[in-house]
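A.B. asks: Sharing a structure, written as structure tokens. Questions coming.
No value in this document is a laboratory result; all are computed from the given coordinates. The structure presented is a predicted model; accordingly, all values stated were derived computationally and were not measured. We place every Cβ from the backbone using ideal geometry, glycine too, and count neighbours over all the protein chains shown.
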Amino acid sequence: FRKLGTRVGTATTEMLEFFERFDEEKYGTDGGPLHDPCVIAYLLKPELFRGRNCNVTVETASELTMGMTVIDWWGVTKRPNNAMVMRDIDHDALFALLLERLGRL
């Protein structure tokens, strides 16, 4: 993104670097998630994503897991599916799309 040579490219790079450090330190992950850009990318190119319909609920009763999103990926609860849960993405195509679109700004 920095190689775009624009203010948008620089700002995007700085935000990604900050959140990547935060997620790596807090969660021990290799990099950070791109939830918001993925929503827009899905609206533009849903073929980049793969997932399945699942039952998704938010825990509201437990003191230990209050607010936790629970995805029944394997259908063990037999509850009706109420959300499409994405688990796979064409990473290269996602970044190409982001570079192309941010490069227009």
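A.B. asks: Per DSSP H run of n ≥ 4, the term is -39500 (n - 2.57); total these for the chain, divide by its residue number, and report the mean residue ellipticity at 222 nm rounded to 500 deg cm²/dmol. Could you put the intermediate results ahead of the total?
C.D. replies: Working: 3 runs with 43 residues, N = 105.
So the helix-based figure for the chain works out to -13500 deg cm²/dmol.
A.B. asks: To continue, here is another question. Explain nothing, just the number: relative contact order of the chain, from Cα pairs under 8 Å at least 6 residues apart, as a whole percent.
C.D. replies: Numbers: 106 pairs, mean separation 28.0, N = 105.
With pairs under 8 Å counted, the relative contact order is 27 percent.
A.B. asks: Okay, moving on. Would you mind classifying segment 40-83 by shape? Square roots of the alpha carbon gyration tensor eigenvalues, ordered a ≥ b ≥ c; an a/c under 1.5 is rounded, otherwise it is prolate if a/b is larger than b/c and oblate if not. Display every interim value, and only then the final one.
C.D. replies: Details: a/c = 3.52, a/b = 1.77, b/c = 1.99.
It is oblate, given that a/c is not under 1.5 and a/b is not larger than b/c.
A.B. asks: Which loop-located GluC sites (Glu not before Pro) does segment 39-104 contain, where loop means any DSSP state but H, G, I, E or B and the Cβ has at most 15 other Cβ atoms within 10 Å?
C.D. replies: Numbers: sites: GLU47, GLU59, GLU63, GLU100; in loops: GLU59, GLU63.
Filter output for segment 39-104: GLU59, GLU63.
A.B. asks: Given the Cα-Cα distance of ARG50 and GLU24 and 0.36 nm per residue of separation, how much length would full extension add, in nm? All intermediate terms of the calculation are to be shown ahead of the outcome.
C.D. replies: On the way: separation 26, 0.36 × 26 = 9.36 nm, distance 2.53 nm.
Length difference between fully extended and current span is 6.8 nm.
A.B. asks: If we count other beta carbons within 10 Å of each Cβ, what is the order of PHE22, PHE49, fewest first?
C.D. replies: PHE22, PHE49
A.B. asks: About the Cα centre, and with charges only on the beta carbon of Lys, Arg (+1) and Asp, Glu (-1), how big is the dipole of the chain? Nearest 20 debye, please. Spell out each step's value before the answer.
C.D. replies: Working: 13 positive and 16 negative charges, 89 e Å.
Charge dipole, the chain, about its Cα centre: 420 debye, nearest 20.
A.B. asks: For ILE89, ILE40, what ranking results if the residue with the fewest other Cβ atoms within 10 Å of its Cβ goes first? Mind showing how you got there, number by number?
C.D. replies: Details: ILE89 16, ILE40 12.
Neighbour counts put them in this order, fewest first: ILE40, ILE89.
A.B. asks: Using Cβ contacts closer than 10 Å as the measure, can you line up PHE19, PHE1 from fewest to most?
C.D. replies: Working: PHE19 14, PHE1 19.
Arranged by neighbour count, lowest to highest, PHE19, PHE1 become PHE19, PHE1.
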